[in-house]
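Pasting a structure below so you can have a look.
The values are calculated or read from the model by the stated rules, or taken from the named source; none is laboratory data. If you're wondering where the values come from, they're calculated on a predicted model, not measured in any experiment. Cβ: placed from backbone, ideal geometry, glycine included. Neighbour counts: every protein chain shown.
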Amino acid sequence: MGTPHRRGRYRLHPVPETGLDVTQTGEPDVGGGGAVSAFRARGPRNGRVLRPDDSFLLRADIPAPGDYPLVAAQRDVLAEWASQVQAGNIKAGTLTTHSRHVATMVKFATARGATTVADVDTTLLVDWLFTPNHHNGEPATPSISKSRRAVASSFFYTCFRLGIAEVNPAVNLPAMQTGKRHVAPFDEAEIAQLKEASQYAFRDTKAPAALALALLGAAPGEVGSIRCSDVHLADMLVKAHGGGTRYAPRWLPIDDPWCFEQLAARIHALAEKHPDDWQHRYVSYTPMPGKDDDFARRSAATSTTLTKVIKKAGLHRQGWSRVASVTEYVAARVFADTGRVEAVAARLGMSRLDDAAHLVGYDWQTQFATPGPDSIDVGGAR
């Protein structure tokens with residue numbers, strides 16, 4: 001007998017063969033191969049995960065829409081996204097960041113008792129959008145919540161394409177407005193506390209060096225990528241490599257004697273420990289054996305180091321002071337010294353002067369706006 005025909009709205013298609021496993025971190029192991037999706041692929045669309053382009057087709061091995069283990073859906077969805085990377089629909093970086101968000105979503109949902117895709121509803125997703133960072137306990141920023149919402153929506157769109165689930169609970173999530181980030185720079189006294197804590201609470205040279213690089217203007221995400229060969233003590237300069245579209249590569253002046261001392265001490269320590277290749281060693285990041293050495297991992301590790309320094313100094317205030325407060329201190333100091341938002345943007349590698357102005361509280365639009373008649377606003381309303 002042939003395959004039985006199922007009546008109703010759900011048609012059957014073959015089970016997709018996936019050669020992709022999910023690692024403990026939730027990232028796909030791209031060492032596998034084989035076809036991933038039985039659906040028709042459409043052309044690239046602005047680097048976005050493919051959305052449904054046909055009616056729902058229930059997969060042959062699934063008894064009902066959504067009645068499929070959540071962890072298995074995670075595996076299948078990441079496999080499908082990996083195939084979209086290979087087809088040029090999305091970028092590898094998108095797969096990496098989406099994979100991490102999916103891993104945290106599945107972990108959160110599982111902890112809440114969800115075992116199948118159908119168990120994940122809009123209420124659960126709302127709670128996940130705003131759950132604090134599990135590494136440092138910091139509240140989810142508006143940009144993180146917005147990213148989580150987009151990834152959740154993409155996850156269920158892909159479940160639809162794979163014949164796993166028809167309903168996308170993410171479409172009912174509230175729209176996320178990123179708005180302007182709050183600014184809470186450390187002051188001079190607090191920076192002195194951070195310097196002391198980094199030296200005496202950790203008893204090594206890595207934490208002070210990480211703080212030194214941040215105090216020179218390297219963004220937290222950049223700190224972990226700076227190698228000993230990037231530090232030019234004789235020229236009083238450090239090369240920052242930038243980070244995607246957020247920060248441009250640039251030279252940072254070593255204009256703080258404390259930072260110079262900590263960088264010199266760190267390089268000396270690494271040269272003694274690794275005399276053959278110390279120049280190629282990261283200043284403030286030590287790669288983990290068996291782990292990928294990528295920008296995201298270096299960024300997370302150095303952010304964790306700086307967060308520990310802040311906590312050791314007794315300056316951690318939930319939802320207020322954080323690693324970015326160091327960068328905001330640098331912005332305030334450069335602006336105080338120069339009076340120029342251009343100088344702030346150049347030091348921090350920012351391409352938008354508006355972002356630099358926001359960091360230092362400089363409202364150039366109001367300052368330079370031409371006033372009109374008292375009784376008429378710009379919009380013409382009286």
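Please verify whether region 76-95 includes one or more residues that are under 15 Å from Phe156 (Cα atoms) and of a type in the set (Ser, Thr, Tyr).
Checking region 76-95: not a single residue is under 15 Å from Phe156 (Cα atoms) and of a type in the set (Ser, Thr, Tyr).
It is to be established whether one or more residues within region 243-255 are over 29 Å from the mean Cα position of the chain (by Cα), more than 17 Å from Ser225 (Cβ to Cβ) and not hydroxyl-bearing (Ser, Thr, Tyr).
Scanning region 243-255 turns up at least one residue that is over 29 Å from the mean Cα position of the chain (by Cα), more than 17 Å from Ser225 (Cβ to Cβ) and not hydroxyl-bearing (Ser, Thr, Tyr).
Under 17 Å from Ala240 (Cα atoms), touching a residue at least 24 places away in the same chain (Cβ under 8 Å) and in the same structural domain as Gly242 (by TED's automatic domain parsing): does that describe Leu263?
Judged against the criteria, Leu263 is a match.
Between Glu196, Glu222, which is modelled with pLDDT of 85 or more, in the same structural domain as Cys259 (by TED's automatic domain parsing), among the acidic types (Asp, Glu) and under 23 Å from the mean Cα position of the chain (by Cα)?
Glu222
Any idea which of Thr25, Thr18, Thr110 is part of a helix (DSSP H, G or I), in the same structural domain as Thr123 (by TED's automatic domain parsing) and either at pLDDT 90 or above or touching a helix residue (DSSP H, G or I) at 6+ places or on another chain (Cβ under 9 Å) (or both)?
Thr110
Here's something else I'd like to know. Working only within region 83-113, note down all residues that are among the hydrophobic types (A, V, I, L, M, F, W, C) and touching a residue at least 12 places away in the same chain (Cβ under 8 Å).
The answer is Ala87, Ile90, Leu95, Val102, Ala103, Met105, Val106, Phe108, Ala109.
Do you know which residues across region 152-168 are buried (at least 21 other Cβ atoms within 10 Å of the Cβ) and free of Cβ contacts under 8 Å to residues at least 60 places away in the same chain?
Within region 152-168, Ala152, Phe156 qualify.
Tally time: how many residues in region 279-306 are out of contact with any Pro (no Cβ under 9 Å at 6 or more places or on another chain), in a helix (DSSP H, G or I), at pLDDT below 90 and among the hydroxyl-bearing types (Ser, Thr, Tyr)?
Residues in region 279-306 being out of contact with any Pro (no Cβ under 9 Å at 6 or more places or on another chain), in a helix (DSSP H, G or I), at pLDDT below 90 and among the hydroxyl-bearing types (Ser, Thr, Tyr): 1 in total.
Among the listed residues Val49, Val77, which satisfies the condition of being closer than 26 Å to Thr110 by Cα, modelled with pLDDT of 95 or more, assigned by TED's automatic domain parsing to the domain that holds Val167 and surrounded by 14 or more Cβ atoms within 10 Å (Cβ to Cβ)?
Only one candidate passes the filter, namely Val77.
Report yes if Leu252 is in contact with a strand residue (DSSP E or B) (Cβ under 6 Å, 6 or more places away or on another chain) and in a helix (DSSP H, G or I), otherwise no.
no
Based on this model, can you work out whether Tyr282 counts as in contact (Cβ under 8 Å) with a residue 40 or more places away in the chain, under 20 Å from Thr96 (Cβ atoms), of a type outside the set (Val, Ile, Thr) and touching a strand residue (DSSP E or B) at 6+ places or on another chain (Cβ under 6 Å)?
Yes.
Okay, moving on. Pick from region 334-349 the residues that are assigned to a helix (DSSP H, G or I) and touching a residue at least 40 places away in the same chain (Cβ under 8 Å): which of them is surrounded by the fewest Cβ atoms within 10 Å (Cβ to Cβ)?
My answer is Ala346.
Kindly evaluate Trp128 against the criterion of being without any contact (Cβ under 8 Å) to a residue 40 or more places away in the chain and either small (Gly, Ala, Ser) or not in a loop (DSSP other than H, G, I, E, B) (or both).
Considered against the rule, which asks whether it is without any contact (Cβ under 8 Å) to a residue 40 or more places away in the chain and either small (Gly, Ala, Ser) or not in a loop (DSSP other than H, G, I, E, B) (or both), Trp128 comes out as yes.
So in region 150-174, with the set limited to residues that are small (Gly, Ala, Ser) and touching a Lys or Arg at 6+ places or on another chain (Cβ under 7 Å), which one is farthest from Val102 (Cα to Cα)?
Gly163
Sticking with this one: So in region 316-333, with the set limited to residues that are more than 19 Å from the chain's Cα centre (by Cα) and in a helix (DSSP H, G or I), which one is nearest to Ala218 (Cα to Cα)?
Val330
Going by what's in this entry, would Thr110 be described as surrounded by fewer than 18 Cβ atoms within 10 Å (Cβ to Cβ), under 25 Å from Lys311 (Cβ atoms) and out of contact with any strand residue (DSSP E or B) (no Cβ under 8 Å at 6 or more places or on another chain)?
Considered against the rule, which asks whether it is surrounded by fewer than 18 Cβ atoms within 10 Å (Cβ to Cβ), under 25 Å from Lys311 (Cβ atoms) and out of contact with any strand residue (DSSP E or B) (no Cβ under 8 Å at 6 or more places or on another chain), Thr110 comes out as no.
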